[in-house]
Amino acid sequence: MNCRDCQSVLPDLLLDPAASSNSRARAHVDSCDECRLELESLQATMSLLDAWEAPEPSPYFDQKLAVLLREEQEKAPAGWFERMRSRLLFNTGRQFRPAIAGVFALALLIGGGTFADFASHHVAKPQISAAVTDLQVLDNNDQALQTMDQIFQDENSADEVPAIPAS
Ligand SMILES: [Zn+2]
């Protein structure tokens, strides 16, 4: 076994030093200073990670978040365009796909002219800022989005079922 092969199996050797599949790597490490140093540095890193503890969140986290939310709610309202922009920027792909489907479904339901009126109505008197609205909408619609995801998955799996040949 050469040094390159040995170093590619070093993680295995680190996790299970006694395994029989690691016997050749073990023999190489015993005879090669460079690979032994590499293994020792990996062991040092692993033991450092074992000792590391994730820091506790600040005890005032919830209060601070509530204050920030209230401040955002009292801020000047953002326009419709700004809200759409932040929605496009911050939505993850998983939430975005059903959201698009929802928007198209809504447009189909209400119809072109009525939908335009609906949108301009929202421009006229937005109540609170974009971030707060989005947070609340995401919170309220989480259940609905999961349902829509489920529907997408069901449709996809239904597509994959092969058609039963007519006898
Ligand atoms: Zn070596």
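The values are calculated or read from the model by the stated rules, or taken from the named source; none is laboratory data. Quick caveat, the model's predicted, so the values are computed rather than measured. Here Cβ is always computed from backbone atoms with ideal geometry, including for glycine, and neighbour counts include all displayed protein chains. Side chains are part of the model used for accessible areas, which takes the heavy atoms of the whole protein and leaves out ligands, DNA and RNA. Shrake-Rupley method; radii C 1.70, N 1.55, O 1.52, S 1.80 Å.
Would you check which residues across segment 21-33 are open to solvent by 60 Å² or more (accessible area, probe 1.4 Å) and in contact with a helix residue (DSSP H, G or I) (Cβ under 9 Å, 6 or more places away or on another chain) and list them? Selection gives S21, R24, R26, D30. Scanning segment 34-69 for residues that are open to solvent by 100 Å² or more (accessible area, probe 1.4 Å) and within 16 Å of the ligand (Cβ to nearest atom) yields E34, L37.
Within segment 1-33, being outside any helix (DSSP H, G or I) and within 12 Å of the ligand (Cβ to nearest atom) holds for M1, N2, V9, C32.
Every residue in segment 53-70 that is without any contact (Cβ under 8 Å) to a residue 24 or more places away in the chain and under 13 Å from T133 (Cα atoms), please. I'd like the intermediate steps shown before the answer.
Of the residues in segment 53-70, the ones without any contact (Cβ under 8 Å) to a residue 24 or more places away in the chain are 53-68, 70.
Answer for segment 53-70, where residues must be without any contact (Cβ under 8 Å) to a residue 24 or more places away in the chain and under 13 Å from T133 (Cα atoms): just R70.
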